[in-house]
1. Search the structure for amide H atoms under 5 Å from the amide H of A:V80, placed 1.01 Å from N in the peptide plane, and list their residues when 5 or more places away or on another chain.
2. How far apart are the B:S276 label points across copies, placing each 7 Å from Cα toward Cβ, in nm, shortest first?
3. In the stretch A:230-290, if every C-alpha pair distance is counted and binned at 5 Å from zero, what percent goes to each bin?
4. Could you give the spread of the C-alpha atoms of chain A along their three principal axes, from largest to smallest, in whole angstroms?
5. Build a GNM of chain B with springs between Cα atoms under 10 Å: which of B:I175, B:I77, B:I302 gets the top mean-square fluctuation?
6. Restricting the count to DSSP beta bridges whose residues both fall in chain A, what percent are antiparallel, rounded to a multiple of 5?
7. Starting from the Cα-Cα distance between A:A58 and A:D39, subtract it from 0.36 nm times their residue separation and give me the gain in nm to one decimal.
8. Could you give the semi-axes, largest first, of the ellipsoid that matches the stretch A:81-210, computed as the square roots of 5 times the alpha carbon gyration tensor eigenvalues and rounded to whole Å?
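Just so it is clear, none of the values below were taken in a lab; they were calculated from the coordinates. All values derive from a computational prediction rather than experimental measurement. Glycine gets a Cβ as well: all are built from the backbone with ideal geometry, and neighbour counts include every protein chain shown.
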Protein chains: 2
Amino acid sequence: MTDSDAQPLPATAIPPETGAVCVLGLGLIGGSLLRVLADTTSVFGWNRSMTTVDAARADGYDASADLPETLRRAAAIDAVIVFATPVTTLPALVAAVAEHAPRNLLTDVVSVKEAVTRIVAAGHPAARFVGGHPMAGTSHSGWAATDADLFRGAMWMVSTGDGTDPADWLRVAAIALAAGATVVPAADDAHDRAVAAISHLPHLMAAATAAVGAGESGLALRLAAGSFRDGTRVAGTAPALQRAMLEANDAALLNVLSEAIDRLTNIRDDLRDRGSVEILVDDGHRARLAYEAMSSRPPVPITGVTVGSPGWQQELRRQAHTGRVWVG
Amino acid sequence: MTDSDAQPLPATAIPPETGAVCVLGLGLIGGSLLRVLADTTSVFGWNRSMTTVDAARADGYDASADLPETLRRAAAIDAVIVFATPVTTLPALVAAVAEHAPRNLLTDVVSVKEAVTRIVAAGHPAARFVGGHPMAGTSHSGWAATDADLFRGAMWMVSTGDGTDPADWLRVAAIALAAGATVVPAADDAHDRAVAAISHLPHLMAAATAAVGAGESGLALRLAAGSFRDGTRVAGTAPALQRAMLEANDAALLNVLSEAIDRLTNIRDDLRDRGSVEILVDDGHRARLAYEAMSSRPPVPITGVTVGSPGWQQELRRQAHTGRVWVG
């Protein structure tokens, strides 16, 4: 299929309304989701801290610090429940959902998909769960950092497994679209490998670059210019947040980290033996140009797939694997 | 000495005028220097390509493609000669200077100082040479990219060896100040180790990150957000420019590259054996905060040194090693 084959989607593929939404956790991601959905959707939130709940209420949002009551309310109106708390807090939340809202559709906005899927399956085996991951964030956190525009133009991965229910998938995708994001369908393991490469590895490379630079002298940091500033920026993220993200994706991160070490070791040998950094500099330049070419053009939409038709999940994944996106 | 010891510099330390300046090479760095000095100084330039010379003349600058004539003119008026061409072209230029302007003061704006010093000493053993390195640049090149504001606020390293002549040093420092930059005194080897850590290593880390990310799939590049974008930016620089810069600093680069590989290998072992990235993330975070603290404040001036007094070179280097700068 080439790009010129693009066809209007059949009417049955038009995404449904999101329906009511219940957001668990009102930090940067969950709080921003509460803000942006409130314009078009019946949405309410829960947060453990009454301080955060008071701040959200003061800004005019529907929020509570009572988890059982919030979940019973979600059960009564069939709201989609969105997990928006750090992965370490999920087991307790999943247990509460299994008790108070066992039949609700669940999704999440937490980084790593295989770990979250395992936690949900362990605590609530009968759950209707379709994971998600918006590629958005800042180095700030908490309700004060929330922003209704946080997801505008961002990519939002929606879990697309062979057993994913089409109606559930469309409802989760509708939340991403309502937030202003673009939907990227992917299998959990493919997503986790991808973010290991394009997000978690960059954190470790930034940390190593920063640590080597700062180990030199005040002279080195004084001479530091753009390449050091940009190359170490994400090392400034709060260590606890970085660790939670990276350590939850250990298997995929180990693979890409080993590949990076191999590439650096090979070029060290070339530099020592032949005085050359040609191979890595050329590979990196080609890779950067490929990224710039992709990110400078509007994404090509996935075409020719009706969500719910036989093999729809595989076809969405196949097209997304080439960089296409689902636009509803 | 503490910051509160700052004293006005004695009158003898006020930098002299730059005198006349002759710039060899009118690419991004040399051309920008011609532009900014032309407001206050008698400055003229040479470039190998007549196209570049015509472009500079069309913009109102004094330029020539005749090297012997340009150098004889520099000799006649005792202009400081500035090497502003890639390191690979320097031997031929140095030979021409030794023939046509053997007694002129020489400086350069090329990245690596030990390599340049070796080339000058080999081709012109009697040269009066005080090297320099402005920490400024863009990913563009050539006369069309030149900008009189390129050096404004940038750090400009000026070689400060035990045998450096004070009058020559002050005249080279005056060029950096006239260009709008801030002077950082350093020994050649300390400078080369510093830029290996804060400029050359970041290029290799960016290349490895880009190559690993692009090796994944279109899905990975589609999901790439800020950490990948910023962490791979300098991999987009022209490969020939990156290679010339990095390979001329091979010894220092090998050291910091090995340290980066060690840090990444140690954290891979920790991640595999204990599921932890704590050590590297914490070290990187501390290092980034140290860099942000230094770059967010105006630099502290070097104080209490009269250029030319006994041991002035060592004292300038000692204070610069802690991050201080020379402001004239």
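1. A:A20, A:V21, A:C22
2. Going from nearest to farthest copy, the values are 4.2 nm.
3. Cα pair-distance distribution for the stretch A:230-290, in percent: 3, 15, 14, 19, 20, 15, 9, 4, 0.
4. If we take the Cα atoms of chain A, the spans are 70, 52, 34 Å.
5. Judging by the Gaussian network model, the answer is B:I77.
6. That works out to approximately 15 percent antiparallel.
7. Value of the extension gain: 5.2 nm.
8. Calculated on Cα positions only, the semi-axes equal 24, 17, 16 Å.
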